[in-house]
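Asker: Shown below is the structure under consideration.
The values are calculated or read from the model by the stated rules, or taken from the named source; none is laboratory data. As the structure is a computational prediction, the values presented were derived from the model and not from experiment. Note that each Cβ is placed from the backbone with ideal geometry, even for glycine, and that neighbours are counted across all protein chains shown.
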């Protein structure tokens, strides 16, 4: 299952779409955590990588719009435990760390769309996404 996130980056005037994967959360290991923390800002450990976003998004929006996006990245401050960001409750509602929760910076890979395509992308999104996405 994927949880989709969309946000407007004011400085560039672009719509950014990124996703968390429940499979990546389940498979998260010490090695994955280490890989995510090799470089600061840390790479979000269960985001769908930018190159794979377009493949997954084919189920959501028309290819003609998808071709207008480009892989980008953003630095986001997200609620986090000591080792990783908290997953969205839609992915894993029962996962709450025993440690303190704080806001920490994480790098997420996105598909970025120019303003002239942003509204079309959002309006093309299905009202009821297919089960599991």
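Asker: Of everything in segment 36-60, what is touching a residue at least 40 places away in the same chain (Cβ under 8 Å) and closer than 20 Å to residue 123 by Cα? Give them in sequence order.
Answerer: 53, 54, 56, 57, 59, 60 - these are the residues of segment 36-60 that are touching a residue at least 40 places away in the same chain (Cβ under 8 Å) and closer than 20 Å to residue 123 by Cα.
Asker: Considering each of 23, 9 in turn, give the residue that is surrounded by fewer than 19 Cβ atoms within 10 Å (Cβ to Cβ), at pLDDT below 90 and on the phi < 0 side of the Ramachandran plot. Outline the logic, then answer.
Answerer: On the way: 9 fails: at pLDDT below 90.
Answer to the selection: 23.
Asker: Under the condition of being modelled with pLDDT under 85 and touching a helix residue (DSSP H, G or I) at 6+ places or on another chain (Cβ under 8 Å), which residue from segment 61-107 is nearest to residue 124 (Cα to Cα)?
Answerer: Only one residue tops the list, namely 91.
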